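**Q** First the structure, then my questions, so here it is.
The values are calculated or read from the model by the stated rules, or taken from the named source; none is laboratory data. What you are looking at is a predicted structure, and each value in this text was computed from that prediction instead of being measured. With ligands, DNA and RNA removed, areas are computed over all heavy atoms of the protein, side chains included. Shrake-Rupley method; radii C 1.70, N 1.55, O 1.52, S 1.80 Å.
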Amino acid sequence: MQYIVGLPQFNLSEICFQAWKGGLIREEHRQELRSVLLNDTISEPDCRIINRLLYAVRRGWLGVED
């Protein structure tokens with residue numbers, strides 16, 4: 001996985017764990033995911049994991065904190 005200098009380390013596994021444990025994606029996680037996606041700094045497997053999280057939100061399995 002590639003990183004951008006100056007940004008905190010992106011920890012996708014921690015975001016996934018917290019989202020599934022709590023049943024929702026928090027605001028700070030959404031901002032991290034958005035930043036990483038817009039900067040093209042993730043591998044293909046990480047992109048698939050993010051897509052699975054988004055799919056779970058669309059299906060109603062995970063909520064999104066406002």
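**Q** Expressed in nm to one decimal, what extension gain is obtained for the pair Arg59 and Glu28 from 0.36 nm per residue of sequence separation less their Cα-Cα distance?
**A** Working: separation 31, 0.36 × 31 = 11.16 nm, distance 2.13 nm.
Extra length from Arg59 to Glu28 when fully extended: 9.0 nm.
**Q** Tell me, what ³J(HN,Hα) does each residue in the stretch 24-30 have, in order and in whole Hz, if you take phi through Karplus 6.51 cos²θ - 1.76 cosθ + 1.60 with θ = phi - 60° and put x for Gly and Pro?
**A** So the J values, rounded to whole Hz, are 7, 9, 7, 4, 5, 5, 4.
**Q** Continuing with this model, one more query. Heavy atoms only, probe 1.4 angstrom, no DNA, RNA or ligands counted: give me Val36, Val57 ranked by accessible area, highest first. List each step's numbers first, then the result.
**A** Details: Val36 15, Val57 45 Å².
Of Val36, Val57, the descending order of accessible area is Val57, Val36.
**Q** If amide hydrogens are placed 1.01 Å from N in the peptide plane, which non-local residues have theirs closer than 5 Å to the one on Val64?
**A** Ile25
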